[in-house]
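The values are calculated or read from the model by the stated rules, or taken from the named source; none is laboratory data. Predicted model, so just to flag it, every value in this text is computed and none were measured. Glycine gets a Cβ as well: all are built from the backbone with ideal geometry, and neighbour counts include every protein chain shown.
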Amino acid sequence: MEQAEALYVRSPTGRYARAEPETVLATARQIVGVRMQRGEMFTDPQVVCRYFQDKLAGQEREIFAAAMLDTRHRLISYVELFYGSIDGAEVHPRELVKQALRNNAAAVIVAHNHPSGDVTPSAADRAVTERLKQALRLVDIRLLDHVIVGGRDIASMAAMGW
């Protein structure tokens, strides 16, 4: 792995100290949350992929998340739904549907990371996407895409025709 240049943060006392990578990543995720606030349009696939990459890249375990969108595909909220191990996370369609209804979402984009870096959708990824699509369809909510983040690589299952 490439060695990153040391980053320093200023403490409340005015002194500078070396920042831990986890601190830098957590701060970056907060900045993404501020940059892409409620009401931002999620109509450009590149914006969507970059958003999820900023949120999920570099995580040590799988995280399954969703962007809840209104009828014009504007962001209502970002929700991390399930946490797994280094090679999988159990996803329950019922919980996604509950969150979507709670947020009054008209559409949803789901995403998860592959800590291995390989963004090739597995058979399980394709199967869960179909299950989520069917569950959301029952309550008139559209599943627009399933994005897989693997470090610097990103895959959009919608772009792949799935």
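Tabulated results
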item	result
Segment 123-162 - residue that is of a type in the set (S, T, N, Q) and within 21 Å of ARG50 (Cα to Cα) and, of those, surrounded by the fewest Cβ atoms within 10 Å (Cβ to Cβ)	THR129
Test: residue in segment 41-48 that is outside any strand (DSSP E or B), surrounded by 16 or more Cβ atoms within 10 Å (Cβ to Cβ), touching a helix residue (DSSP H, G or I) at 6+ places or on another chain (Cβ under 9 Å) and modelled with pLDDT under 95	yes
Evaluation of LEU132 against (1) of a type outside the set (Ser, Thr, Tyr); (2) out of contact with any helix residue (DSSP H, G or I) (no Cβ under 7 Å at 6 or more places or on another chain); (3) touching a residue at least 24 places away in the same chain (Cβ under 8 Å) (one fails), failing number	(2)
Residues satisfying the stated conditions in segment 49-88, i.e. acidic (Asp, Glu) and surrounded by fewer than 20 Cβ atoms within 10 Å (Cβ to Cβ)	ASP54, GLU60, ASP70, GLU80, ASP87
Single match in VAL147, VAL79, VAL91, VAL108 (criterion: in contact with a Leu (Cβ under 6 Å, 6 or more places away or on another chain) and either in contact (Cβ under 8 Å) with a residue 40 or more places away in the chain or assigned to a strand (DSSP E or B) (or both))	VAL108
Every residue from segment 65-76 that is more than 11 Å from the chain's Cα centre (by Cα) and under 16 Å from ASP54 (Cβ atoms)	LEU75
